[in-house]
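Engineer: What follows is a structure written as structure tokens; I'll ask about it next.
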Amino acid sequence: MQLGVVGLGRMGQIVVDRVLAAGHDVVAFDVDETAVAEAADAGAQPADSLADLVARLDDQKRIWLMVPAGDAIDAALSDLEPHLDGDDVVIDGGNSHFEASVRRGGETSAAYLDCGTSGGPAGAELGFSLMVGGPEWAYEACVPVFDAVATGPNGHARMGPSGAGHYVKMVHNGIEYALMQAYGEGFELLANGRYDLDLEAVAHTWNNGAVIRSWLLELCEEAFAEEGNDLGDVADHVAGGSTGTWTVEEALTQEVPVPLIYTALSERFGSRSDRFSRRLANRLRYGFGRHEVARTE
Ligand SMILES: NC(=O)C1=CN([C@@H]2O[C@H](COP(=O)(O)OP(=O)(O)OC[C@H]3O[C@@H](n4cnc5c(N)ncnc54)[C@H](O)[C@@H]3O)[C@@H](O)[C@H]2O)C=CC1
Ligand SMILES: O=C(CO)[C@H](O)[C@H](O)COP(=O)(O)O
């Protein structure tokens, strides 16, 4: 099979490598020429524009977009559109909002698959977990590529119609936020609790048979091993947040309670600046109780 890959960053390059390793052909394009050269070194046919990429593809085009969610997807789709027809399939493997994917699926003349991708760059060796939405025939047509990019046939499935793949990935990320928060809180208590503990050893022990073992916990173990028991100079600041925000917005729309995911998202936002609410609470305790106000140096 032949696949066009657009976007050759941390994730797209892995798509290229895994599809090539499975014996398929890849045509690769990125706005960054260095990334195209890297894909060519790996064995892909380099393209110097989207028009060049489609010209190098067979009649029934299969194109995987792995560019940042948002404007880059719309820009790529609008450049591709004049070259697409109903026999072609475009896959968006990024973290797009599911409603944007439904819109794009309706706008393009190709069949559009929204594909939630989990595993991250660290999952390159093992393969990803892929959650796909869109027309069934298009999903079936791309199974050889999904088999290659995922951990294998068990690592991908069609979740439902257009939008369903990115919807499932959005909720996956909400769960990811809550799990990270839970591990963070547990280790914070251990780090500040009654015993002088080796947190890497705790994580290692938990990762071997404990109820709470997981890949995220393995990453906790790795973090303590590489940064030290007190996490060294790792800042009290968590970036990201869009997929968690979408999860909470959707939960509000559906009137489904998601307090853990919401709390984890709030903690992220709270990590980004001085907490005005805590400063005010500090001052209010003086107001009602004449408790001493803690002041910055
Ligand atoms: N990094 C991660 O852990 C994961 C990322 N994702 C999603 O995958 C998508 C890609 O993420 P990364 O690979 O991490 O990003 P990245 O920033 O490493 O790579 C994006 C690539 O797209 C290229 N690009 C941007 N606009 C383009 C355009 N119009 N045409 C062609 N190339 C263009 C950039 O030059 C860059 O090489 C995003 O939607 C991200 O949210 C999904 C799961 C995990
Ligand atoms: O999808 C992912 C992991 O599953 C990406 O790493 C994503 O960037 C995580 O979301 P956020 O940037 O909000 O932390």
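Engineer: For the chain, what does -39500 (n - 2.57) per DSSP helix run (n ≥ 4), summed and divided by total residues, give at 222 nm, in deg cm²/dmol to the nearest 500?
Structural biologist: -15500 deg cm²/dmol
Engineer: Using a Gaussian network model of the chain whose springs link C-alpha atoms within less than 10 Å, name the residue from ALA40, ALA225, ALA148 with the highest mean-square fluctuation.
Structural biologist: Comparing ALA40, ALA225, ALA148 in a Gaussian network model of the chain, the most mobile one is ALA225.
Engineer: Between the stretch 112-140 and the stretch 165-201, what is the separation of their alpha carbon centroids in Å?
Structural biologist: 25 Å
Engineer: Expressed in nm², what is the orientationally averaged projection area of the convex hull enclosing the Cα positions of the stretch 77-233?
Structural biologist: Result: a mean projected hull area of 11.6 nm².
Engineer: What percent antiparallel are the DSSP beta bridges of the stretch 2-161, to the nearest 5?
Structural biologist: 20 percent
Engineer: What accessible area per residue, rounded to a whole number of Å², is obtained for the chain using a probe radius of 1.4 Å?
Structural biologist: On a per-residue basis, the chain sits at 55 Å².
Engineer: Follow-up question, since we're still on this one. Quick check: net charge around VAL16, other residues with Cβ under 13 Å of its Cβ, Lys/Arg +1 and Asp/Glu -1?
Structural biologist: In short, -3.
Engineer: Okay, next question. From zero up to wherever the largest Cα-Cα distance of the chain sits, split into 10 Å bins and tell me the percent of pairs in each.
Structural biologist: Spelled out bin by bin, the chain gives 6, 23, 28, 21, 13, 6, 2, 0 percent.
Engineer: Then there's this: What percent antiparallel are the DSSP beta bridges of the chain, to the nearest 5?
Structural biologist: Antiparallel bridges make up about 20 percent of those DSSP assigns within the chain.
Engineer: Which whole-number percentage describes the relative contact order of the chain, with Cα contacts under 8 Å and a sequence gap of 6 or more?
Structural biologist: This gives 12 percent for the chain.
Engineer: Then there is this: Can you give me the orientation-averaged projected area of the convex hull built on the Cα atoms of the stretch 169-279, in nm²?
Structural biologist: Convex hull of Cα atoms, orientation-averaged projection: 8.6 nm².
Engineer: Which cross-chain or sequence-distant (5 or more) residues have an amide H under 5 Å from the amide H of LEU113, H modelled 1.01 Å from N in plane?
Structural biologist: VAL90, ILE91, ASP92
Engineer: Still on this structure, please answer the following. Show me, for the stretch 167-172, the HN-Hα J-couplings you get by feeding each phi into the Karplus relation (A = 6.51, B = -1.76, C = 1.60, θ = phi - 60°), rounded to Hz, glycine and proline as x.
Structural biologist: Taking θ as phi minus 60°, the curve returns 5, 5, 5, 4, 5, 3 Hz for the stretch 167-172.
Engineer: In percent, how large is the relative contact order of the stretch 169-279, given Cα pairs closer than 8 Å and 6 or more residues apart?
Structural biologist: Reported as a whole number, the value is 33 percent.
Engineer: So, one more: The stretch 236-297 to the stretch 16-53: how many Å between their Cα centroids?
Structural biologist: Each part reduced to its Cα centre gives a spacing of 44 Å.
The values are calculated or read from the model by the stated rules, or taken from the named source; none is laboratory data. Computed from a predicted model, the values in this text were never measured in an experiment. Note that each Cβ is placed from the backbone with ideal geometry, even for glycine, and that neighbours are counted across all protein chains shown. All accessible areas refer to the heavy atoms of the entire protein, side chains included, with ligands and DNA or RNA removed. Shrake-Rupley method; radii C 1.70, N 1.55, O 1.52, S 1.80 Å.
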